[in-house]
Amino acid sequence: MTLSPALSQGRGRYIGRFAPSPTGPLHFGSLVAAVASFLAARAAAGTWLVRIEDVDTPRTVPGAAEDILRTLEAFGLRWDGEVEWQSHRAAHYERALESLRARGLTYPCRCSRREIADSGLVGLEGAVYPGTCRALALPSGPGLAERLRVDEQPVAFEDRVQGRIEHSIARDIGDFVLKRRDGLHAYQLAVVVDDALQGVTDVVRGAELLWSTPCQVALQRHLGYPTPRYLHFPVATHASGEKLSKQTRAPALDAAEAAPVLAAALAFLGQAPIAAGSPAEMLAEAARQWHPDRIARRAAQIQS
Ligand SMILES: [Zn+2]
C-alpha cells in the first residue's frame with residue numbers, strides 16, 4: 001500500500017477532509033460541512049483535503065464538481081494539495097476488496113433491490129439485507145453484487161458531539177454491499193480506503209452520515225486501518241423540519257452573499273459571531289475562536 005505524502009510525513013498531525021458528492025451545487029448543509037471540517041483542521045494547524053466523491057458515476061451531474069470547487073474558493077475555503085477524485089481510484093478499492101475476499105469476508109449476491117425490500121426487514125437505512133445469498137457460495141461474476149459478511153458483534157465508537165455510539169450492523173443494516181451489481185465500488189468501501197490512504201485523522205461531517213460510520217469502522221478493522229476521530233454535527237433542516245439537501249431543493253449558494261452565509265454557518269455550529277469581512281478573514285478569525293464543544297447535539301432549524 002502506498003501511503004500519501006501527507007501521511008508518511010505527518011504522523012500524529014491533524015488531517016481533515018471535505019468530501020462532497022457532485023450531484024448538484026453546494027447548498028447550505030454541505031457548506032456547513034465544509035466550514036466545520038475546515039475550521040477544525042485550521043484550528044489544529046492541520047491539513048484540509050478536498051475529495052470529490054464521484055464513485056457513484058451514474059449519479060454524478062456533469063459540471064457539479066467544478067461548480068462546488070469554485071464555490072469553495074469564493075467562500076475562502078482553500079484546500080491543501082490536489083483534489084482527489086474517487087472515479088480515478090477504482091484500483092485502490094479493488095485491492096482492498098481483494099484482501100477481504102481472500103479472507104472469505106465477502107460473498108456474491110444476486111438479489112435485486114426489490115427482493116431485498118420484499119423481505120420486510122426494515123432497519124435504520126431502509127431494508128435490512130436478510131442474508132439470502134450468504135450460504136449459497138455463488139460464483140462471482142458480472143451482474144452480481146459483493147457483500148461483506150457482517151458479524152453479530154455491535155460496533156462502538158466515540159463521537160465528539162454525539163457521544164458514544166453503539167450499533168448492531170447485523171440487526172439494522174445486514175451484510176452490506178462493497179461492490180455493486182453494476183460493477184462500481186460502493187460508497188462505504190471507497191470512503192474507508194480513501195480516508196486511510198490519505199491519512200485522514202479526523203472526520204467532521206453531518207449526522208446524516210452517522211449511521212454509515214459503524215459500517216466504516218467495521219471495514220477499517222477488517223482492513224487493518226486506523227479509525228479516525230469522528231465529529232458529526234446535527235443536520236441542517238428547513239423550518240418545516242425537512243432535511244436541507246439537493247433533493248429538497250435547497251437553494252444554491254450565492255458567493256456575493258458569502259459574509260452573511262458564513263455568519264449563518266457559524267451560528268448553526270454554535271460558534272461565536274465574527275465581524276463581517278472577506279471570507280478568508282472571517283474564516284481565519286473563526287478558526288482562532290473554534291470551539292467544537294459549542295456544537296449542538298440536536299438539529300437546529302434554519303429559515304429558508
Ligand atoms: Zn443476495
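Quick notes on this one:
- In the range 129-146, the residues that are part of a strand (DSSP E or B) form Cβ pairs under 9 Å with partners that are within 8 Å of the ligand (Cβ to nearest atom) and open to solvent by 50 Å² or more (accessible area, probe 1.4 Å), at six or more places apart or across chains, as follows: Ala145/Arg110.
- One residue from Arg181, Arg147 being modelled with pLDDT of 95 or more, within 12 Å of the ligand (Cβ to nearest atom) and either surrounded by fewer than 16 Cβ atoms within 10 Å (Cβ to Cβ) or within 24 Å of Ala96 (Cβ to Cβ) (or both): Arg147
Here's the yes/no breakdown for (1) modelled with pLDDT under 95; (2) of a type in the set (D, E, K, R):
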{"position": "Pro226", "(1), (2)": "no, no"}
{"position": "His232", "(1), (2)": "no, no"}
{"position": "Thr237", "(1), (2)": "yes, no"}
{"position": "Glu242", "(1), (2)": "yes, yes"}
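- Filter result for Glu82 (away from the ligand (no atom under 12 Å from the Cβ), out of contact with any Asp or Glu (no Cβ under 8 Å at 6 or more places or on another chain), within 28 Å of Ala36 (Cβ to Cβ) and in a helix (DSSP H, G or I)): no
- Among the conditions (1) under 28 Å from Asp202 (Cα atoms); (2) within 16 Å of the ligand (Cβ to nearest atom); (3) open to solvent by less than 40 Å² (accessible area, probe 1.4 Å), Gly141 misses just one, which is (1).
- The condition (being polar (S, T, N, Q), farther than 19 Å from Leu197 by Cα and more than 16 Å from the ligand (Cβ to nearest atom)) is satisfied by just one residue among Thr71, Thr106: Thr71.
- Every residue from the range 47-69 that is within 22 Å of Ala287 (Cβ to Cβ) and open to solvent by 10 Å² or more (accessible area, probe 1.4 Å): Thr47, Leu49, Leu69
- Identity of the residue in the range 109-130, within 30 Å of Tyr230 (Cα to Cα) and buried (at least 18 other Cβ atoms within 10 Å of the Cβ), that ends up nearest to the ligand (Cβ to nearest atom): Tyr129
- When the residues of the range 14-66 are filtered to those that are at pLDDT 95 or above and among the aromatic types (Phe, Trp, Tyr), the one that is nearest to Arg288 (Cα to Cα) is Phe38.
- Residue match in the range 100-111 (condition: assigned to a helix (DSSP H, G or I) and within 21 Å of the chain's Cα centre (by Cα)): no
- Subset of the range 150-162 (residues that are within 30 Å of Leu136 (Cβ to Cβ) and open to solvent by less than 20 Å² (accessible area, probe 1.4 Å)): Val150, Val155
Table: residues versus (1) at positive phi; (2) aromatic (Phe, Trp, Tyr); (3) open to solvent by 30 Å² or more (accessible area, probe 1.4 Å); (4) assigned to a loop (DSSP other than H, G, I, E, B).
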position	(1), (2), (3), (4)
Arg164	no, no, yes, no
Gly174	yes, no, no, yes
Ala190	no, no, no, no
Val193	no, no, no, no
Arg205	no, no, no, no
Ala218	no, no, no, no
Arg221	no, no, yes, no
Thr227	no, no, yes, yes
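- Here Glu94 passes the criteria (1) more than 16 Å from the ligand (Cβ to nearest atom); (2) exposed (fewer than 13 other Cβ atoms within 10 Å of the Cβ) except the one numbered (2).
- Scanning the range 24-46 for residues that are farther than 13 Å from Arg78 by Cα, crowded, with 24+ Cβ neighbours inside 10 Å and aromatic (Phe, Trp, Tyr) yields no hits at all.
The values are calculated or read from the model by the stated rules, or taken from the named source; none is laboratory data. These figures come from a predicted structure and were not determined experimentally. With ideal geometry, Cβ positions are generated from the backbone for all residues, glycine too; neighbour counts draw on all protein chains shown. Just the protein is used for accessible areas: all its heavy atoms, side chains included, with ligands, DNA and RNA removed. Shrake-Rupley method; radii C 1.70, N 1.55, O 1.52, S 1.80 Å.
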